[in-house]
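Encoded as structure tokens, the structure appears first; notes follow it.
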Amino acid sequence: MAEAPRDGHELLERFRRWLRDRHMPITRQRDLVAQAIFAAGGHLSVEELERRVRDRGHHVGTATVYRALEVLVKSGLVRAHDFGEGFKRYEPLLSPAQHGHLICTRCGRVREFSTERFERTLPMVADEMGFLHQRHRVEIHGLCRTCRDAEIGALTGGRRRA
Ligand SMILES: [Zn+2]
Ligand SMILES: [Zn+2]
């Protein structure tokens, strides 16, 4: 698996090159969506992405964002995730190819963690079951620290959430 670049600008340049190589136009909208997602670096929903573009002083419609994301995913520089929230989240290829996600079921915050310790064991588990391992993903759903603290605060009637 190719090593992921760590820089949003590098990804943007790679995306522009990818479009050029395929004789696909680098439209302003495509570029705005690409800039926003590569600069953000997180796991954004379409709605959040639209807001980021708007915050930069531009307007791109939802359908256009979807279309641009489709192309970005096809380029391999953006990954689409379905964390079972009823919508997809998009992540630029800034993190190592293999990482797990912690998804807060209350506020939707997504954090990453290293799955290094599983990278050998999960294929082994598959092998033990006579299963040919192709890929896996590690997801933990629960409450993030902020939401957990708020819950404890509410239960004890004490500490308020920051
Ligand atoms: Zn939370
Ligand atoms: Zn991630």
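Look at the stretch 26-45: where a residue is farther than 14 Å from ARG14 by Cα and a partner is hydrophobic (A, V, I, L, M, F, W, C) and exposed (fewer than 15 other Cβ atoms within 10 Å of the Cβ), sitting 6+ places away or on another chain with Cβ atoms under 9 Å, you get SER45/PHE87. Applying a threshold of 6 Å to beta carbon distances and a minimum spacing of six or more residues, or different chains, the list of pairs starting in the stretch 83-108 at a residue that is of a type in the set (Lys, Arg) and ending at one that is away from ligand 1 (no atom under 16 Å from the Cβ) and assigned to a loop (DSSP other than H, G, I, E, B) is empty. Flag: GLN134 matches the condition of being more than 14 Å from ligand 2 (Cβ to nearest atom), among the polar types (S, T, N, Q) and either on the phi < 0 side of the Ramachandran plot or outside the structural domain of SER45 (by TED's automatic domain parsing) (or both). Checking each residue in the stretch 105-136 for being outside any strand (DSSP E or B), surrounded by 12 or more Cβ atoms within 10 Å (Cβ to Cβ) and not hydrophobic (A, V, I, L, M, F, W, C) picks out THR105, ARG106, GLY108, ARG109, THR115, GLU119, PRO123, HIS133, HIS136.
The values are calculated or read from the model by the stated rules, or taken from the named source; none is laboratory data. None of the values given here were measured: they were computed from a predicted structure. With ideal geometry, Cβ positions are generated from the backbone for all residues, glycine too; neighbour counts draw on all protein chains shown.
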